[in-house]
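Every read-out reported here was derived from the displayed coordinates using simple, explicitly stated rules and does not represent laboratory data. Source: prediction; values computed, not measured. Ideal geometry is used to build each Cβ from the backbone, glycine not excepted, and the neighbour counts take in all protein chains shown.
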Amino acid sequence: MKKVFALMLLLATTVCFSSCSNEDEVPTVNYPSIIGTWHQNMGTSSGDYVSSSTDVYWTFRANNTATEKLDISINDYVISSTTVDFVYSYSGKYIDFSNNKTSFRYNVSVNGNKMTLGNEESGYFELTKQ
């Protein structure tokens, strides 16, 4: 009888502990990487004597900082360059941006070296990884 009781106790203990999961485990989420510099030519115009182009660059760093850079060029000479720095949080579908002046959320979709970034209110960037 003692053997049967010991066997039942061992079986109950094994079932009890095998059904428990480790609560400290963090699920692994594999979002496409956005780290690097992404570019879009927003427009180019060419004339007989003057050509112009507008380019936007988004740079995402592993330390969760990002920079948006806008270059306006005439005849391949950058006449205006504006940069804005952000802190970001990336969740796979969204990127939340903030700095001391603003905060906003953009939808994000990454497919290979192509990224769509933006929202209905601000419009969308169609970026290519450099």
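A few comments on the model shown:
- Qualifying trypsin sites (Lys or Arg not before Pro) in the stretch 73-130, where qualification requires a DSSP coil assignment and no more than 11 other C-beta atoms within 10 Å, comprise LYS93, LYS101.
- SER80 versus THR67: modelled label distance in nm, points set 7 Å from Cα along the beta carbon direction: 2.0
- Euclidean distance between Cα centres, the stretch 69-118 to the stretch 34-48, Å: 13
- Dimensionless Rg ratio for the stretch 64-130, taking C-alpha atoms and the 2.2 N^0.38 Å reference: 1.23
- Shown here for the stretch 59-130: GluC sites (Glu not before Pro) in loop regions (DSSP other than H, G, I, E, B) with at most 14 other Cβ atoms within 10 Å, namely GLU120, GLU121.
- Counted residue by residue at 0.36 nm each, then reduced by the alpha carbon distance between them, the extension gain from LYS101 to TYR124 reaches 6.2 nm.
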